[in-house]
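**Q** Would you mind keeping the following structure in view while I ask a few things?
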Ligand code: DC
């Protein structure tokens, strides 16, 4: 049986960076489940169903029409992942969409489709199959509660919205994009709101608040938790 680590938490808590580093140090595979939701978000944008904008105040009827259109799109979507070096790439009907899934509209589109039941049901087996194939760390929102309730290690990684916004601001700055802190914070809060139903803390998860930890300290904390449970 594969040894699985569920690493859940809100956007910007550092899950992907920490999971990638911890997986490398523990000899495990890192699986970024958000990339799967992002790929479906991109497919829905390309199909003209959604625009990759704020979706929390869409009127009920419009929301129902969007959900029905996305549900109809799903049977025509084939998702796969492959590793190029240690980097996970995601393929949408054979096309490598690893770059287009990272744009700001794709983030909102991912969050939009991730709130839809049909999408979560569609991705359930995909995620379970990926987890069963290797000893792996899955980063997501409901890995410890819904996808892998039997995961051997469950960690819920969190950080204050202000800490997450400041990290995001610095990340953008490194890419040459200057954004005011207030704007980045507003986006963090909006995504939390959109993702709030999906983001679940398993009763048996270990809570790890990284607000006051450096990246290295956060990685070390996750690695120690894994090593204490790994056979
Ligand atoms: O982790 P991320 O930012 O790449 O995730 C993209 C979106 O997908 C985010 O809005 C939350 C959602 N998501 C989810 O609902 N469940 C997961 N397991 C992973 C991501």
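The values are calculated or read from the model by the stated rules, or taken from the named source; none is laboratory data. Please read these numbers as outputs of a predicted model, since none were measured by experiment. All Cβ positions, glycine included, derive from the backbone under ideal geometry; neighbour counts span all protein chains shown.
**Q** Do the conditions hold for residue 95, that is, is it more than 19 Å from the chain's Cα centre (by Cα) and without any contact (Cβ under 8 Å) to a residue 12 or more places away in the chain? Can you show your working first?
**A** Values: more than 19 Å from the chain's Cα centre (by Cα): yes; without any contact (Cβ under 8 Å) to a residue 12 or more places away in the chain: yes.
So residue 95 fits the description; yes.
**Q** Next question, about the same structure. Anything in the range 1-16 that is more than 17 Å from residue 101 (Cβ to Cβ) and either within 12 Å of the ligand (Cβ to nearest atom) or more than 18 Å from the chain's Cα centre (by Cα) (or both)? List them, or say none. I'd like the intermediate steps shown before the answer.
**A** Let us first name the residues in the range 1-16 that are more than 17 Å from residue 101 (Cβ to Cβ), namely 1-10, 13-14.
Listed by number, the residues that qualify are 1, 2, 3, 6, 7, 8, 9, 10, 13, 14.
**Q** To continue, here is another question. Is it true that some residue in the range 27-34 is over 22 Å from residue 97 (Cα atoms), outside any helix (DSSP H, G or I) and away from the ligand (no atom under 16 Å from the Cβ)?
**A** yes
One line per residue, one yes/no per condition, for (1) farther than 23 Å from residue 130 by Cα; (2) modelled with pLDDT under 95:
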| site | (1), (2) |
| --- | --- |
| 26 | no, no |
| 35 | no, no |
| 55 | yes, yes |
| 66 | yes, yes |
| 74 | no, no |
| 80 | no, yes |
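**Q** Also, I was wondering about something else. Right, residue 206: within 16 Å of the ligand (Cβ to nearest atom) and touching a strand residue (DSSP E or B) at 6+ places or on another chain (Cβ under 7 Å) or not? Can you show your working first?
**A** Numbers: within 16 Å of the ligand (Cβ to nearest atom): no; touching a strand residue (DSSP E or B) at 6+ places or on another chain (Cβ under 7 Å): yes.
So residue 206 does not fit the description; no.
**Q** From the residues in the range 180-204 that are exposed (fewer than 14 other Cβ atoms within 10 Å of the Cβ) and outside any helix (DSSP H, G or I), which one is farthest from the chain's Cα centre (by Cα)?
**A** Only one residue tops the list, namely 180.
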